[in-house]
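Visitor: Handing you this structure, nothing more for now.
The values are calculated or read from the model by the stated rules, or taken from the named source; none is laboratory data. Since the model is a prediction, treat every value here as computed from it, not as a measurement. Here Cβ is always computed from backbone atoms with ideal geometry, including for glycine, and neighbour counts include all displayed protein chains.
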Amino acid sequence: MANIRVQTADFSIGAEYAALAAGRTDIGGLASFVGTVRNNAKGRPITAMTLEHYPGMTEAAMARIAAEASRRWELLGITLIHRVGTLLPGDNIVLVLAASAHRQAALDATSFLIDWLKTKAPFWKKERFLDGTDSWVEARADDEQAADRWS
Amino acid sequence: MRPAGAILLGAILFAWPALLNGYPILFSDTHAFLIQAGDWRMIWDKPFAYGPFLRLLHQGVSLWGPLAGQAVLVSWLLARLTGAAPIRHVALCAALAIFSAAPWVTDLLMPDIFAPITVLALYLLATEARLSPALLVLAGFAIASHLSHLVLAAACIALLLLLTRRWRVILPLALALATLAGTNLAFYQRLAISPYGAVFALAHMTGDGLTAPVLATACPQSGWSLCAWQDRLPTDSDRFLWNADGPVWTHPGGAIGLAPEAQAIVTQAVRTEPAAVATAALSNTLHQLTRVSLGDTLGPDWLEGSVTNSLTQYFGPGELPSFRASRQADNTLAAWASPLNPLHATCLVLGTLATLTLAWHRRHTNAGTLALLILLALPANAFATGALSGPHDRYQIRIAWLVLLPGLCNWAGAGVGPRARPRQLAK
């Protein structure tokens, strides 16, 4: 049921929405989340973000997260798309779509999916700063807390 | 029968496991290679070589293309090696198809088949009268296709230089090194052969208990992230590398971020515990030498969500259903292969005895050179994989079948090399 992709190319939320809803009349609510590259990290300007992953393992982790969402809510469709490679401020990073018969399930599932994607799917992010230096993005406590609220 | 027809027939014989399966045999890493050239991007632990090879031959149409390419390459190389008459070539291919794992390795869409191709192509480069550009490119590509092939090639080249004094055998290794350094420079802006390979060495050395003493001495003043794992280091290298809660995945930079630290720890372990490192390497090499069973790449493990995504993304709508209809996807392929293991093991023992005999009795001829080369290539491959990464059946099965070649060539009355001649012994 879940459409899971890791790709370098950008995605179109409209096209993905249309693909998920195509031919379906049982969907009552379709919620979405799009993550984009911020132009600063704690106020420090960044010029680019590079995302790395491990093919196969990462998709498997995403599939487990989608399966967990499907176990918790009655969903009619899930789309998870995560981009990798070098992205610029303003670029799309991640798309989460969750479809359900009722809005609350779709909204909650979308929130759950992005919280767990942030903490349980192996993506490694390196930020490049305006001064030419770069550093790996450490796990953030607030991301962990957001994920923990679904435990 | 025409020679081209014999090569084609030989290739079909090598394709029998895929035909039985209903699809080429895949491994979860096949997905990474498909991405490599599908998206034109680097995967941190894989040389940028085999992915473009797959892309060149599948063209977004079908993975049967790369399979056909690999089968024809192996058949062509064997024909060139033996110079046998067409019918004898077909007989030799049939024997290998039945009595060895060669067709199973050929039909796996991974760089594994390029390990034996490295050995055979280097042998031909050293023994043929003229330098063949095709062989040079093939050998260079084969070496570049997997990092373990660098060690294998270095060992083979050293022996061939000693025996034949043909310096041109160095050229493919130079070509491979230039390819690896060039692609790492282009993608990662790092002039390195394997920028992040130390992570694998760290994983297996940790599994062997070799890094704990280093951490005990260096932590916490070193500031290494692994210090936090000092009391709970995974004892299995695969868990170290691939567990979602393990030291690699939880590092902010994953394997890439951990690599500098891994390099420092590995270097320190080798420097302070050379005897223990050597003993572990020897033990793993010997263990790897005996791991030659079919099976560990024949199931559907990890294929769903990995290669199934690639088949959807890079191919037409018919490709994924073709894979899903295969015995591998259905988890029944291994049951067809496992009865062959006792037969293959027996043949490997007999082949080793024949190769040892030929290495001694034909030591002044090309046949003796080939036998010696294969006898060296097997432990070299076991060291490059078992000692540097960790023993797995897949690593040794890819090359062990070469030990059948000298005896089969002798049985088929074929030479080894189109101009089989007494070898000029090195002075």
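Visitor: So which residues in the stretch B:139-172 are assigned to a helix (DSSP H, G or I) and in contact with a Gly (Cβ under 8 Å, 6 or more places away or on another chain)?
Guide: B:171, B:172 - these are the residues of the stretch B:139-172 that are assigned to a helix (DSSP H, G or I) and in contact with a Gly (Cβ under 8 Å, 6 or more places away or on another chain).
Visitor: For the stretch A:7-102, please list each of the strands (runs of 3 or more DSSP E) lying entirely inside it that holds at least 1 residues being within 14 Å of chain B (Cβ to nearest Cβ).
Guide: Output list reads A:44-53, A:75-83, A:85-87.
Visitor: Name every residue in the stretch B:12-40 that is away from chain A (no Cβ under 14 Å) and free of Cβ contacts under 8 Å to residues at least 60 places away in the same chain, in order of residue number.
Guide: Within the stretch B:12-40, B:12, B:19 qualify.
Visitor: While we're looking at this one, here's another question. Taking the condition at pLDDT 95 or above, more than 14 Å from chain A (Cβ to nearest Cβ) and part of a helix (DSSP H, G or I), does residue B:226 pass?
Guide: no
Visitor: Can we say residue B:61 is more than 14 Å from chain A (Cβ to nearest Cβ), touching a residue at least 40 places away in the same chain (Cβ under 8 Å) and under 27 Å from residue B:177 (Cβ atoms)?
Guide: Considered against the rule, which asks whether it is more than 14 Å from chain A (Cβ to nearest Cβ), touching a residue at least 40 places away in the same chain (Cβ under 8 Å) and under 27 Å from residue B:177 (Cβ atoms), residue B:61 comes out as no.
Visitor: Go over the candidates B:65, B:83, B:5 one by one and state the one that is on the phi > 0 side of the Ramachandran plot, surrounded by fewer than 24 Cβ atoms within 10 Å (Cβ to Cβ) and not hydrophobic (A, V, I, L, M, F, W, C).
Guide: Going through B:65, B:83, B:5 in turn, the sole match is B:83.
Visitor: Okay, moving on. Hey, any hits in the stretch B:41-55 for a residue that's in a loop (DSSP other than H, G, I, E, B), under 22 Å from residue B:328 (Cα atoms) and either within 14 Å of chain A (Cβ to nearest Cβ) or aliphatic (A, V, I, L, M) (or both)?
Guide: no
Visitor: Tell me the residue from B:303, B:348, B:372 that is within 14 Å of another protein chain (Cβ to nearest Cβ) and either under 28 Å from residue B:98 (Cβ atoms) or surrounded by 16 or more Cβ atoms within 10 Å (Cβ to Cβ) (or both), please.
Guide: After applying the criteria, what remains is B:303.
Visitor: Taking the residues in the stretch B:268-291 that are aliphatic (A, V, I, L, M) and more than 25 Å from the chain's Cα centre (by Cα) as candidates, determine which candidate is surrounded by the fewest Cβ atoms within 10 Å (Cβ to Cβ).
Guide: Only one residue fits best here, namely B:275.
Each row is one residue, and each column tells you yes or no for (1) surrounded by fewer than 19 Cβ atoms within 10 Å (Cβ to Cβ); (2) part of a helix (DSSP H, G or I); (3) within 14 Å of another protein chain (Cβ to nearest Cβ).
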site	(1), (2), (3)
B:201	no, yes, no
B:215	no, yes, no
B:235	yes, no, no
B:252	yes, no, yes
B:255	no, yes, yes
B:258	no, yes, yes
B:261	no, yes, yes
B:266	no, yes, no
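Visitor: Can you tell which of A:69, A:105 is over 14 Å from residue A:29 (Cα atoms), of a type in the set (Gly, Ala, Ser), touching a strand residue (DSSP E or B) at 6+ places or on another chain (Cβ under 7 Å) and modelled with pLDDT of 95 or more?
Guide: A:69
Visitor: Just name the residue that is farthest from residue A:117 (Cα to Cα) out of those in the stretch A:1-22 that are free of Cβ contacts under 8 Å to residues at least 60 places away in the same chain and of a type outside the set (A, V, I, L, M, F, W, C).
Guide: Across the stretch A:1-22, the extreme among qualifying residues is A:14.
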